[in-house]
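This report refers to the structure that appears directly beneath it.
The values are calculated or read from the model by the stated rules, or taken from the named source; none is laboratory data. From a predicted model like this one, the values you see are computed outputs, not experimental measurements. All Cβ positions, even for glycine, are placed from backbone atoms using ideal geometry, and neighbour counts span all protein chains on display.
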């Protein structure tokens, strides 16, 4: 396993995801490990963990993973024992919140609650009952892990030493990367188009209220939300604290089952909402979205404003970060100083092979520190917007080295130091716990010393 993938793999194995993984056959359900007074690990649990890791890590070697995965599971059980000794607890509300988050993730992955239940062969209620204790264990183990990592830091000298130990032929090859920023100004829709969109959705609502069309059919015919239009406007598992705009959530949670909202305005456009079923702070609903049309005149006005911003930043009268804070209409970009971050890593280094081809061609015309001319682009909501692109840095394809990749190497070195810290903690604690392993696992490299103590 390359050092660049090791951290992600360990994280994937550690995460017990609430996924519809088929359970192993009953013949596999035997005890393979006992930790402490009453914590056991079943063969079926090990097989389920391996299957989940394989889902999350393409190319995962399931044939040779049993010893490693079991070692991680035993370590977590030891942390649970330590949590009991240290009186570490997590609240029921925190467990329920984490459980709801996991279920929402998989509901979105499969498209609906019904599809998740169909694939898993269990109701959402049954899934929650089955995984509640698992989530609690994971959260308790995380608290113990945080205590272990409390004072773990890494120095530049340690990073350099870590790098020098990597054989030259094992150094990963990094593709070309760029650091890119944007100053975005969304075109302001004219009042005429606002009124037109409002009248349009008002007419749709009237058809539904008068029984001339079902809400589901109207969503399929008229809604401009691509995420739900083909599903009759339906979203399952919406919560009060979910990633929805406040105006939408406020209107939705005022509705009773079957009730249809008045027209709701958000930054995305005009909505009508139908409550399907509500369960406290969670609900299933349908909605229809109508967006005001952005005209050529609106776009040209935004481009004109950006042209003035372009003169400020290229002349040095205003820094890129200042211009983002003062002019950008993209709130998310303001939080990052205008820089575009990788959604997977959270870092600003972007693999150029994964960028939109239009963006790649645009960046090819820029030098580091340069700005593009104001131009029109299609944003993540598939709407026309306007922007100036800023190229902060560019790297060529290369083997990992300290000068260009210090941050990445530092992160991997820190993760290894943390793993070593955990292994040291486990080795130190093993003699204080009762540990029994099934005979077929007693020769596993990582655990052979444990059972001999």
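For region 393-407, which residues satisfy the criterion of being touching a helix residue (DSSP H, G or I) at 6+ places or on another chain (Cβ under 8 Å), closer than 30 Å to residue 313 by Cα and in a strand (DSSP E or B)? Result: 394, 395.
Counting the residues of region 240-286 that are touching a helix residue (DSSP H, G or I) at 6+ places or on another chain (Cβ under 6 Å), free of Cβ contacts under 8 Å to residues at least 40 places away in the same chain and in a strand (DSSP E or B) gives 3.
Residue-level check: of (1) surrounded by fewer than 19 Cβ atoms within 10 Å (Cβ to Cβ); (2) more than 30 Å from residue 338 (Cβ to Cβ); (3) touching a residue at least 60 places away in the same chain (Cβ under 8 Å); (4) touching a helix residue (DSSP H, G or I) at 6+ places or on another chain (Cβ under 8 Å), residue 188 misses just (2).
From the set of residues in region 315-345 that are touching a strand residue (DSSP E or B) at 6+ places or on another chain (Cβ under 7 Å) and farther than 30 Å from residue 406 by Cβ, which is surrounded by the most Cβ atoms within 10 Å (Cβ to Cβ)? Ranking the qualifying residues of region 315-345, first place goes to 327. The criterion of at least 2 residues that are over 26 Å from residue 245 (Cβ atoms) is met by the following helices (runs of 4 or more DSSP H) wholly inside region 311-373: 320-327, 357-363.
Screening residue 229 on (1) touching a helix residue (DSSP H, G or I) at 6+ places or on another chain (Cβ under 9 Å); (2) surrounded by 15 or more Cβ atoms within 10 Å (Cβ to Cβ); (3) in contact (Cβ under 8 Å) with a residue 24 or more places away in the chain shows it passes everything except condition (3).
Here is a yes/no grid of residues against (1) at pLDDT 95 or above; (2) under 26 Å from the mean Cα position of the chain (by Cα):
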residue	(1), (2)
206	yes, no
220	no, no
243	no, yes
246	no, yes
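Can you name the condition, by its number, that residue 348 falls short on among (1) assigned by TED's automatic domain parsing to the domain that holds residue 181; (2) in contact with a strand residue (DSSP E or B) (Cβ under 7 Å, 6 or more places away or on another chain); (3) at pLDDT 90 or above? So the condition that residue 348 fails would be (3).
Listed here are the residues, each with its yes/no results for (1) over 26 Å from the mean Cα position of the chain (by Cα); (2) crowded, with 16+ Cβ neighbours inside 10 Å; (3) not in a strand (DSSP E or B); (4) not assigned by TED's automatic domain parsing to the domain that holds residue 269.
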residue: 382; (1), (2), (3), (4): no, no, yes, yes
residue: 409; (1), (2), (3), (4): no, yes, yes, yes
residue: 422; (1), (2), (3), (4): no, yes, yes, yes
residue: 436; (1), (2), (3), (4): yes, no, no, yes
